[in-house]
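What follows is a set of notes on a single structure, which appears directly below.
The values are calculated or read from the model by the stated rules, or taken from the named source; none is laboratory data. Note that the coordinates shown come from a computational prediction; the quantities given were computed from them, not determined experimentally. Positions of Cβ are generated from backbone atoms using ideal geometry, with glycine treated the same way; all protein chains shown enter the neighbour counts. All accessible areas refer to the heavy atoms of the entire protein, side chains included, with ligands and DNA or RNA removed. Shrake-Rupley method; radii C 1.70, N 1.55, O 1.52, S 1.80 Å.
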Amino acid sequence: MVGLARKPAVLEVPATVGALGEIAAFVLLLAGRAGLGKGATYRIRLAVDELATNIVMHGYRGADGRITVRGCSGPGGVRIVLEDSAPAFDPVAGCLPPAPGVPPERRRVGGLGIHLALTSVDAYRYTHRDGRNISTLTVKAEGTDPCPPRP
C-alpha cells in the first residue's frame, strides 16, 4: 500500500483474553500515526479485535499459544498482520453473512462477528503457511469515513 511505513511495528502477546487490550492499544497507536479518522480507526480496531478474540477463544481453546501482530501505518492507511499457530482456520470460510428474513433466534450460531470484521476493512487476505495462520487486514485513509462531519 502506498504511503505505509517500510519497517513494521511488532507486538507478540500470549493468546489470552487479557492480552486483547494490548492488541487494541497497538492498533490504536498505528491508526493514530496514520492519521485515520474515527470511522476508519473504529473499523480496523473492530476487525482486529474480532479476529484476535477468535484466535484466543476458538483457535487455541484455552491452550498455551502466542499471537504475533505486525503493523504498518502511514498517510495511506494501516495494515495489520495477525499470526498464530493454532489449528488452520480461514476466517473467510467461517464468515456468516446475515440471513435476511430469518429471526435472530433461528439463525445459525457463530460467524457473524467474522462477517462484520471482514466487511469493515478495505482489504483482507488469509493464508496458512509453515503451520501458521496469517491474516492481513488493511484500512485505507482516503474515503474511509462515508459520512462527512456535521457542520
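Observations
- Matching residues in region 21-37 - criterion: being aliphatic (A, V, I, L, M) and either over 16 Å from Gly74 (Cα atoms) or open to solvent by less than 50 Å² (accessible area, probe 1.4 Å) (or both): Ile23, Ala24, Ala25, Val27, Leu30, Ala31, Ala34, Leu36
- Qualifying residue in region 15-23 (condition: closer than 18 Å to Thr136 by Cβ, modelled with pLDDT of 95 or more and out of contact with any Cys (no Cβ under 7 Å at 6 or more places or on another chain)): yes
- When region 38-58 is limited to residues that are among the small types (Gly, Ala, Ser) and open to solvent by less than 20 Å² (accessible area, probe 1.4 Å), the one that is nearest to the chain's Cα centre (by Cα) turns out to be Ala47.
- Taken residue by residue, region 93-102 has no member that is under 14 Å from the mean Cα position of the chain (by Cα) and either at pLDDT 95 or above or open to solvent by 80 Å² or more (accessible area, probe 1.4 Å) (or both).
- Residue list for region 46-67, restricted to those being assigned to a helix (DSSP H, G or I) and of a type in the set (Ser, Thr, Tyr): Thr53
- Qualifying residue in region 68-75 (condition: over 14 Å from the mean Cα position of the chain (by Cα), of a type in the set (Gly, Ala, Ser), modelled with pLDDT under 95 and not in a loop (DSSP other than H, G, I, E, B)): yes
- Residue selected from region 59-87 under the condition open to solvent by less than 30 Å² (accessible area, probe 1.4 Å) and either touching an Asp or Glu at 6+ places or on another chain (Cβ under 7 Å) or aromatic (Phe, Trp, Tyr) (or both), by the criterion nearest to Gly113 (Cα to Cα): Gly59
- Residue pairs whose Cβ atoms lie under 8 Å apart, separated by 6 or more positions or on different chains, with the first residue in region 29-44 and at negative phi and the second of a type in the set (A, V, I, L, M) and open to solvent by 60 Å² or more (accessible area, probe 1.4 Å), are Thr41/Leu28.
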